[in-house]
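Inspection log for the structure reproduced underneath, given as structure tokens.
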Amino acid sequence: MNARLQKPATMVSLRVRVDRTLCQGHARCVVLAPELFEADEFGGGREIGDGGVPSDLENKAWLAKANCPEFAIDVERLGETA
Amino acid sequence: MSSRAPVADWASDFDHRDPDWVEDPFPIWDELRQKCPIAHTDRFSGVYFPSRYDDIRAIAYDPEHFSSRRLFVREGRPPLPRTPPITSDPPAHRDERKTLLPPFAPAAVQKLEPLARAICRELLERLTNRSECDGAVDYAQEIPARLTARMLGISEDSGDRFRKWIHEFFELSVTDPAIAERVVAEVRDFFKQEIAKRHAAPGDDLVSYLINARIEGRPLDENEISGILRLLLFAGIDTTWSAIGASLWHLATHADDRRWLVAEPELIPTAVEEFLRAYAPVTMGREIVKETDINGCHFKEGEMVMLAFGAANRDPAVFPDADRVIIDRAENRHAAFGLGIHRCIGSTLARMEMRVALEEWLGKFPDFTLTPGAVVKWSMGTVRGPRQLPITFPK
């Protein structure tokens, strides 16, 4: 959880997605990566917008995935953009 | 407990009321995980005990064979009224649960944080100038009891009555099912009066919320509302109290971790997750309603299964250094709040209460230890936590 200085948020090379059929509302992703995930009125998690992860938030995307008790979070690597 | 036969062998004769299990279950669970990952006992009319994460997870995900209609392992099978949605199975479970989710979603819980903080501060204020206290009685148990009372629109001094019911239901009734039936009747009468009061004068509280709630478009009847309220009362207090108490116990016995959190309070949310993993308070039962096999073990219809989420959380196959409490453990997908469709509905609330309780305590009392020579007593039954936690504040 140590905030590390990283390169500026320009490139998007990861996308997060919550599988709503698996999510049970533990809300770990919402707490660990509030820039990437939000809760609906029933507490279910969902990615914000299209789930694109600014490069300075990649750690948080992986952290959210690693802490989801239901294995409901997918982190997809987008095609080479560089 | 002295009237019961001593346990001959944990794998084939376990008893969750055994004094060794109550005091320190972790070595027993470790032994089972290595030698006989799914234990069984003929006690309590037959109970299975999976000790590995994968097996506990598989059962939690399988309501077709493992029903929630009976949740507690105790002598006898007293007929108890339902407390939806925790006692429900699919398909009814889904809509019942959905009705109850919004008041426990993150946005709603965030609004309760100032109240939780005020409760903690008031409790700590009473301890000013004291050289010792009981961390379980004077602090941990009071936080969820008072917050739950406020959420239900009931005066905070109902706490004593709540605790008496909870102790009788979770601990005493394990060997005397008649106690469970009596407590349920008392709680039902209590909530009937509260429901009547709220019909006359609605408020911003959970009783009023349930009166106005709908399941599949229809209002809930009085028995359903009363059952849900009983669930909120029983599930929200004992558990959170145990989790806060176990966290304080850890910090009282691990000065390095205590000093670390005092120096870096922003680590408290991460530490809370580790306390939940290592000291997960809750063990839930399932009734086997259709025989099946899991991991080579045959589960007989009609018997019970105990899902000790704390045992799943100590499985080294999933959690490196599982028996070590590492308060900055970053990857921690523990199962303290259950897995699958019955994930604890109050998990966000409980986490908030734990975080606020520790923030406030450490802010006021950065230095404390267990009282030398005093005895820590752990609860017996399906919710594990310290019930007596003598703490000394050094001068």
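Quick note: the coordinates plus some simple rules give every number you see, no bench work behind them. It should be emphasised that the depicted structure is a prediction, and the values quoted were computed from it without experimental measurement. Using ideal geometry, Cβ is built from the backbone for each residue, glycine included, and neighbour counts are taken over all protein chains shown.
Computed over chain B, relative contact order equals 26 percent, with contacts defined as Cα pairs under 8 Å that lie 6+ residues apart. Name the residue farthest towards the positive end of the dipole of the range B:10-392 from the options B:159, B:65, B:327, assuming +1 on Cβ of Lys and Arg, -1 on Cβ of Asp and Glu, about the Cα centre. Farthest towards the positive end: B:159. Hey, could you grab the Kirkwood Rh for the range A:14-77? Inverse mean 1/r over distinct alpha carbon pairs, Å, one decimal. This gives a value of 11.1 Å. With a 10 Å cut-off around each Cβ of A:29-35, the average count of Cβ atoms from other chains is 2. For residue B:395, the aspartates and glutamates whose Cα falls under 12 Å of its own Cα, not counting residues fewer than eight places away in the same chain, are B:132, B:367.
Roughly how big is the range B:303-358's charge dipole about its Cα centre, with Cβ charges of +1 (Lys, Arg) and -1 (Asp, Glu), in debye to the nearest 20? Can you show the working numbers first?
Numbers: 7 positive and 7 negative charges, 41 e Å.
In debye, rounded to 20, the range B:303-358 gives about 200.
Test of understanding: extend the Cα→C-beta vector of residue B:253 to 7 Å, then name every residue of the range B:310-352 with backbone N under 13 Å from that spot. Backbone N within reach: B:324-325.
Put simply, the amide H of residue B:70, placed in the peptide plane, has neighbours under 5 Å in B:287, leaving out anything fewer than 5 places away on its chain.
The charge dipole of chain B, taken about its Cα centre with unit charges on the Cβ of Lys, Arg, Asp and Glu (plus for the first two, minus for the last two), comes to roughly 800 debye.
Excluding residue B:252 itself, calculate the net charge of residues whose Cβ lies under 13 Å from the Cβ of residue B:252, where each Lys or Arg counts +1 and each Asp or Glu counts -1. Residues near residue B:252 contribute -3 overall. Per-residue Karplus couplings for the range B:56-67, computed as 6.51 cos²θ - 1.76 cosθ + 1.60 with θ equal to phi - 60°, are listed in order as 4, 4, 4, 6, 4, 8, 10, x, 5, 9, 10, 7 Hz, Gly and Pro entered as x. Binning the C-alpha pair distances of the protein assembly as shown at 20 Å intervals from 0 yields a P(r) profile of 23, 58, 18, 0 %, listed from the shortest bin outward. The mean sequence separation of alpha-carbon pairs under 8 Å and at least six residues apart, normalised by the residue count of the range A:14-77, gives a relative contact order of 47 percent.
Relative protection proxy for B:41-53, B:161-173, from highest mean packing down: B:41-53, B:161-173 (other beta-carbon atoms within 10 angstrom).
Relative to the Cα centre, the charge distribution of the protein assembly as shown, modelled as +1 at Lys and Arg Cβ and -1 at Asp and Glu Cβ, gives a dipole magnitude of about 600 debye.
Divided by 2.2 N^0.38 Å, where N counts the residues, the Cα radius of gyration of chain B comes to 0.96. Mean-square fluctuations from a GNM of chain B, with a 10 angstrom spring cutoff on Cα atoms, peak among B:347, B:88, B:131 at B:131. For the range B:37-110, the C-alpha radius of gyration divided by 2.2 N^0.38 Å, with N the number of residues, is 1.37. With the charge dipole of the range B:209-350 set up from +1 on Lys and Arg Cβ and -1 on Asp and Glu Cβ about the Cα centre, the Cα lying farthest toward the positive end among the listed residues B:209, B:232, B:271 is that of B:209.
Residue by residue through B:265-278, how many Cβ atoms from other chains fall within 10 Å of the Cβ on average?
On the way: counts 0, 2, 2, 0, 3, 3, 0, 0, 4, 0, 0, 0, 0, 0.
Mean shielding by partner chains, rounded to a whole number: 1.
Among B:371, B:240, rank each residue by its count of other Cβ atoms within 10 Å, from fewest to most, as a rough exposure measure.
On the way: B:371 19, B:240 28.
Exposure proxy ranking, most exposed first: B:371, B:240.
Amide H contacts of residue B:369 (H built 1.01 Å from N, in plane; Pro and chain starts excluded): B:392 sit under 5 Å, all sequence-distant by 5 or more or on other chains. Couplings 3J(HN,Hα) for the range B:113-119, derived from phi with the Karplus relation 6.51 cos²θ - 1.76 cosθ + 1.60 (θ = phi - 60°), are 4, x, 5, 4, 5, 5, 4 Hz, where x marks Gly and Pro.
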